[in-house]
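Okay, so here's the structure we're looking at.
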Amino acid sequence: MRFHRSRTACLLLLLCALAASASATTDPSFVLTATAKNFNSYFPGYLANGYFSTMTSPRGTEPDMAYMVAFMDYAKGDISRPAAIPGWSEIDYNPGGGWLNSTRLDRNIFAGYAQTLNMHDATLSTRYRFTYANTITDVRVITFVSQADPHLAATRITITPQFDGKVRLTFPIRLWAEHQPRFPIGSMTGKQMTNAVIASGQNLQNKPVPTPDRAAVWYPGYTRVLSSGGNVHTLTLWLNGQAVRGLRMAEAAAISLPPGLTVANVKLEKGAYKLSLDLTARVQKGKTYTFTKYIAISRQNWGGDARKDTALAEAARQTGFEALLARHVAAWHRLWRTDIIVKGDPKVQQALHSDLYYLLSNTTVGTAWPMGACALTPNYAGHAFWDSDSWVFPALLLLHPQRAKPIVMFRDRTMQPARERAKQFGAKGTMYPWEADPETGVDNTPHFAYGVHREIHVNADIAIAQWQYYLATGDTAWLKQHGWPVIRDIARFWTGRVTWNPADARYEILHVTSPDEAYDDVPNDSFTNAAARKALDIATAAAKLVGAKPNPKWAEIAAKMYIPFDPKEQRHLDFDASVPHDKITWMGSSLAWLMYPNLDMPMSARVRRNDFDFQLHELRTHGDDPNEMMMVMLAVGEAELGNGEAAGTWIQRNLTGFLKPPFNVRTETVANNAGYILATSAGFVQSFVYGLSGLRIERNGLVDAYPPVLPPGWTSVTLRHISFRGKHYDITVDRDPSGKPQLRRTLLRAPAPGTHGNP
């Protein structure tokens, strides 16, 4: 049996030449490469397009977990979880002595090994000489998840056997088993959870670097296959599935074989854990053979069923790998027209590009889905925290406003469950949950963390983000239809949540959890009170803009809101002075959070300095394994204080320990390998967009709130092609002739319709 391509050799050669040329000229700051040294320290990254993903693995061909946006499992008694969709990127090869994916990783077996994540093109390329059982095969693999065609992905393996004979290949869709044990985390206390984890033979201790830990808690949900099949003549596979008590999904694959390949047989393998096309073929020494697996994926409310996905996969095969790859790369290159350019520190530049890569890999346009705290992975159960509104959203807002927009639209879409939750707690307006299911918006906070139902600053954080979107876009119609209802009902929440203290003639907020979460059930957390005050002021301003009548209580409460302050030390307190500040926490203190860009609470330079010094002192004396968010806030704080050298020091701290090799995956702390934390990637970006630049988004524009700073040895930082109120700018912080940092703005000409801008 022989299979032939329909497209011409000329087109193939041309596209290959273009791809090779683009790869050869890629800026090194966009390239991360694993070598054989990483075999024992390989922390998986991922490829994604905001809609679905696949994890990476060393050989480039292994069965890897994959996830789809807001596709959740709702097992009884558990919290909602991202349901792992059938693994689609696997290809396996057997030259006669054993299967590639089952062979141990050894530098002699995988000679000349290199795996490259090209973040500019969003491709993963792997190469090695596979030497095993007296056979040698040169192997090349390339995989991408299409940015241009959101339902599509492809992986290609190219083999050059150094022998004549028969080989076997298999092209599976991997059907995962349900994770066991499954804990009733929806009802378990913290102590019960710990005991259950121990009883299962697992633990919650920090793991070695290659392991994204906390798998005992953040395991994936399950997709049950409802129907499946394949066709050995059309070389296709398909399935329909459904997440446990959740949405339906579909997946299909179409396989392309090299022209002139002599195939002995093709079999369909259909079992409980594997759906595959398996073939045996005869190869010749020194001849190169290329096999491609085209994938189409959809879910309920986004795409069709397996029949439609099979048609998509077959159409992708007809289009061809090179053309699909070229479209994908072009879409990513359009995204990278907006960038942050650092001159003077290549390592910082590379970290920025990896953080932007992971953020962009998880964005969608024209939807109302949030970003899970840990991207398209099961960590933190894919839920939407305040991370989405206060960390990820501001980082994207000036760079890619249309990719930030779904985050605020999610809060508009899920107002009803927030209203119902407010009623549950006897509150007014909307009370958004600490952990919201990304599809339904319903509260899915684990029972063992239920104390965070008092971490109510999330309600103010959401209102601030809504207002920031309006300020950055100037879209009054959007504000009236979408942002204002969210802001209004959050203001109603705060109106009912405050307590009037007649003795001191002030409003207070009692029984809250601080952002420094070890301090639970405290009165007058400064960050919460300050954020609530800002949310109320926003509500008053927004009401006037949309022609509504503001509740006069909003302005009254905001004006008389109590923010704990020590007049002797001339600094703010974390919370009411009646609560001892003496616990060992990730943060040491939360005073630096008063300076975070979205809040940026007004205060004198002296108080700002004193707050910051107290934060540093407490981090040294009461901090343990600091969360990376704190490193970000310290960099921003030093920039606000005008200390470029110290800001640079904290930026460097963000490169040490938090970035796991080989693909710069950020973890929550240096020791705790709970990975893929998008808030920390976004925070690092904010260090540049709002920290070093001193820029803030205000009613009167994108203002220079603080003088810009640069770390010593840096020549410049450029925010390239940012968007603000319909115009595009390059904003550069460089040095004047005396060496003093200065900020320069360049208004860019509007691109011709359809030729530029963010997709």
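Throughout, read-outs are computed from the coordinates displayed, never taken from laboratory work. Just so you know, these numbers come straight off a predicted model, no measurement behind them. Glycine gets a Cβ as well: all are built from the backbone with ideal geometry, and neighbour counts include every protein chain shown.
Note the full-extension length gain between Thr649 and Thr158 as 0.36 nm times their separation in residues minus their Cα-Cα distance, in nm to one decimal.
Contour length minus the Cα-Cα distance gives 172.3 nm.
Assuming 0.36 nm per residue, please report the length gained on full extension of the stretch Thr715 to Leu545 beyond their Cα-Cα distance.
Taking Thr715 through Leu545 to full extension adds about 57.0 nm, to one decimal.
Which ³J(HN,Hα) values in Hz, rounded to whole numbers, follow from the phi angles of segment 471-487 under the Karplus curve 6.51 cos²θ - 1.76 cosθ + 1.60, where θ = phi - 60° and Gly and Pro get x?
Values, residue by residue: 4, 7, 9, x, 8, 5, 4, 4, 4, 5, 7, 10, x, 4, x, 5, 4 Hz.
Can you give the angle from 0 to 90° between the axis of helix 605-622 and the longest principal axis of the chain, with both taken from C-alpha atoms, to the nearest 10?
60 degrees
In terms of modelled amide H atoms, which long-range or inter-chain residues lie less than 5 Å from the amide H of Gly372?
Sorted by chain and number, the residues that satisfy this come to none at all.
Once the Cβ-Cβ distance between Asp730 and Arg699 is put in as r, and R0 is 25 Å, what FRET efficiency do you end up with, to the nearest 0.05? Before the final figure, lay out the partial values.
Working: r = 24 Å, r/R0 = 0.95.
It comes to 0.60.
At what distance in nm do the modelled label points of Gln180 and Asn108 sit from each other, each positioned 7 Å from its Cα along Cα→Cβ?
3.9 nm
Nearest 5 is fine: what % of DSSP beta bridges in the chain come out antiparallel, could you say?
Numbers: 123 of 127 bridges.
Around 95 percent antiparallel, to the nearest 5.
Name all residues of segment 376-403 having a backbone nitrogen under 13 Å from the label point set 7 Å from the Cα of Gln424 along its Cα→Cβ direction, giving them as ranges.
Output list for this probe position: empty.
Using only Cα atoms, tell me the angle between helix 644-653 and the longest principal axis of the chain; keep it within 0 to 90° and round to the nearest 10.
Its long axis makes an angle of about 50 degrees.
Arranged by the count of other C-beta atoms within 10 angstrom, fewest first, what order do Met601, Met68 take?
So the residues, fewest neighbours to most, are Met601, Met68.
Would you mind getting me the FRET efficiency between Lys560 and Leu204? Use the beta-carbon distance for r and R0 = 45 Å, nearest 0.05.
Rounded to the nearest 0.05, the efficiency is 0.55.
Could you give me the ³J(HN,Hα) list for segment 118-133, computed from phi with Karplus coefficients 6.51, -1.76, 1.60 and θ = phi - 60°, whole Hz, x at Gly and Pro?
So the Karplus estimates, Gly and Pro as x, are 8, 6, 5, 9, 6, 10, 10, 10, 10, 9, 5, 9, 8, 10, 7, 6 Hz.
Taking the Cα centroid of segment 193-223 and of segment 612-677, what is the distance between the two, rounded to the nearest whole Å?
Segment 193-223 and segment 612-677 have Cα centres separated by 25 Å.
Under the Karplus relation 6.51 cos²θ - 1.76 cosθ + 1.60, θ = phi - 60°, what is the ordered set of whole-Hz ³J(HN,Hα) values for segment 166-181, x standing for Gly and Pro?
9, 10, 10, 9, 9, 10, x, 9, 8, 9, 6, 7, 5, 5, 10, x
Any idea what the relative contact order of the chain is, in percent, if you count C-alpha pairs under 8 Å spaced at least 6 apart?
For the chain, the relative contact order is 13 percent.
Take Thr33 and Ala323, extend 7 Å from each Cα along the Cα→Cβ direction, and tell me the distance between the two endpoints in nm.
About 3.3 nm separates the two model spin labels.
Using only C-alpha positions, report the orientation-averaged shadow area of the convex hull of segment 451-496, nm², one decimal.
Directional mean of the projected Cα hull area for segment 451-496 stands at 3.3 nm².
Where Lys and Arg each count +1 and Asp and Glu each count -1, what net charge lies around Ala682 among other residues with Cβ under 9 Å from its Cβ?
Details: positive: none; negative: Asp355, Asp387.
With Lys, Arg at +1 and Asp, Glu at -1, the neighbours total -2.
For the Cα atoms of the chain, what angle does the longest principal axis make with the long axis of helix 321-335, in degrees from 0 to 90, nearest 10?
20 degrees
Please give, to one decimal in nm, the separation of the simple spin-label points placed at Asp520 and Thr280, each 7 Å out from Cα toward the Cβ.
About 6.2 nm separates the two model spin labels.
In whole angstrom, note down how far apart the Cα centers of segment 39-77 and segment 249-306 are.
A separation of 20 Å, based on Cα centres.
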